[in-house]
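Participant: If you scroll down you'll find the structure; I have some questions about it.
The values are calculated or read from the model by the stated rules, or taken from the named source; none is laboratory data. Keep in mind that this is a model prediction, so the values were computed, not measured. All Cβ positions, glycine included, derive from the backbone under ideal geometry; neighbour counts span all protein chains shown.
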Amino acid sequence: MYLAKITKEEINAMPVVAFEGEITVVDSLGQVEEAVEELRRHAVLGIDTETKPSFTKGKVNQVALLQVATDDRCFLFRLNKIGFPAPLESLLANRRIKKVGLSLHDDMAGLRKVHKFKPAGLVDIQDMVKRYGILELGLQKIFAIIFAQKISKSQQLSNWENAVLTEPQQRYAATDAWACLKIYHRLLQETPLPADEVERLVQAYAQG
């Protein structure tokens with residue numbers, strides 16, 4: 001059985017892990033079809049988005065990056081440069097390919113501000129982990145509970161509209177998408193808790 005909660009101190013004592021596979025930055029329309037064709041070969045993909053942070057009250061930037069990962073490769077689609085091309089829309093709307101992410105409602109809402117479309121095949125890690133007794137909502141904490149490893153969040157507030165994404169930015173973005181996929185695969189190997197036990201856990205932590 002997994003821990004329900006974990007502290008920052010516990011996470012900081014863990015070894016840091018990052019995606020070690022191949023990263024491909026897709027920043028021109030000519031690269032899109034080939035990238036999507038490769039991703040279509042997989043039944044399950046990890047996804048995430050990044051947005052340039054706004055430090056001005058009331059101003060929200062559009063999603064700048066969509067990262068889509070397999071177990072050993074991650075494509076970084078720079079939406080601020082390529083827009084939202086048809087092959088990408090087709091991939092996200094394909095209900096036969098599972099897209100696994102965290103807080104996907106927010107990610108999809110952000111993407112729909114870039115381009116109106118109907119996503120399908122979505123699996124939200126936040127919904128999934130609760131069935132295994134994990135009550136954390138953040139990716140770093142969920143990953144730490146399951147794997148006893150820390151994924152860095154140091155690039156989270158960097159500029160995702162930079163002319164060129166730095167290597168640390170690329171690695172960070174790829175790691176987030178890959179981590180969702182890794183969590184999904186691991187939990188499928190485990191047995192979910194009975195619903196009444198999950199409910200008892202939720203009530204116990206709600207009462208402090």
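This table checks each residue for (1) crowded, with 21+ Cβ neighbours inside 10 Å; (2) in contact with a strand residue (DSSP E or B) (Cβ under 8 Å, 6 or more places away or on another chain); (3) under 19 Å from Gly138 (Cβ atoms).
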{"site": "Tyr2", "(1), (2), (3)": "no, no, yes"}
{"site": "Thr24", "(1), (2), (3)": "no, yes, no"}
{"site": "Ile47", "(1), (2), (3)": "yes, yes, yes"}
{"site": "Glu50", "(1), (2), (3)": "yes, yes, yes"}
{"site": "Lys59", "(1), (2), (3)": "no, no, no"}
{"site": "Gln62", "(1), (2), (3)": "no, yes, no"}
{"site": "Gln67", "(1), (2), (3)": "yes, yes, yes"}
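Participant: Which residue out of Glu33, Glu37, Glu20 is farther than 22 Å from Gln126 by Cα and either part of a loop (DSSP other than H, G, I, E, B) or in contact with an Asp or Glu (Cβ under 8 Å, 6 or more places away or on another chain) (or both)?
Facilitator: On inspection, the qualifying residue turns out to be Glu20.
Participant: Here's a check for you: in region 1-16, which residue that is touching a residue at least 24 places away in the same chain (Cβ under 8 Å) and not in a loop (DSSP other than H, G, I, E, B) is farthest from Arg171 (Cα to Cα)?
Facilitator: Glu10
Participant: Give the residues of region 144-172 that are closer than 23 Å to Thr7 by Cα and either assigned to a helix (DSSP H, G or I) or over 16 Å from the mean Cα position of the chain (by Cα) (or both), sorted by residue number.
Facilitator: So in region 144-172, the residues closer than 23 Å to Thr7 by Cα come out as 144-157, 172.
Passing the criteria: Ala144, Ile145, Ile146, Phe147, Ala148, Gln149, Tyr172.
Participant: On the basis of being among the aliphatic types (A, V, I, L, M), modelled with pLDDT of 95 or more, farther than 14 Å from Asn12 by Cα and surrounded by 15 or more Cβ atoms within 10 Å (Cβ to Cβ), does Ile151 make the cut?
Facilitator: On the way: among the aliphatic types (A, V, I, L, M): yes; modelled with pLDDT of 95 or more: yes; farther than 14 Å from Asn12 by Cα: no; surrounded by 15 or more Cβ atoms within 10 Å (Cβ to Cβ): yes.
Answer is no for this residue.
Participant: Moving on to the next point. Go through region 17-49 residue by residue and tally those that are of a type outside the set (Val, Ile, Thr) and in contact (Cβ under 8 Å) with a residue 60 or more places away in the chain.
Facilitator: 6
Participant: Oh, and also: Can you tell me which residue in region 45-83 is modelled with the lowest pLDDT, limited to those that are assigned to a loop (DSSP other than H, G, I, E, B) and within 27 Å of Glu20 (Cα to Cα)?
Facilitator: Per the criteria, the residue is Pro53.
Participant: I've got another one for you. How many residues does region 160-178 contain that are under 25 Å from Ser54 (Cβ atoms) and surrounded by 14 or more Cβ atoms within 10 Å (Cβ to Cβ)?
Facilitator: So the count comes out to 12.
Participant: Where the second residue is aromatic (Phe, Trp, Tyr) and the first is within 16 Å of Val68 (Cβ to Cβ) and lies in region 111-130, which pairs have Cβ atoms under 9 Å and are six or more apart or on separate chains?
Facilitator: Here the result reads Leu111/Phe84; Leu111/Phe117; Val114/Phe84; His115/Phe84; Phe117/Phe84; Val123/Tyr184; Ile125/Tyr184, each pair linking region 111-130 to a residue that is aromatic (Phe, Trp, Tyr).
Participant: Oh, and also: Applying the selection to region 63-96, what residues are of a type in the set (A, V, I, L, M), touching a helix residue (DSSP H, G or I) at 6+ places or on another chain (Cβ under 7 Å) and within 25 Å of Lys182 (Cα to Cα)?
Facilitator: Scanning region 63-96 gives Val63, Ala64, Leu65, Leu66, Val68, Ala69, Leu76, Leu79, Leu88, Leu91.
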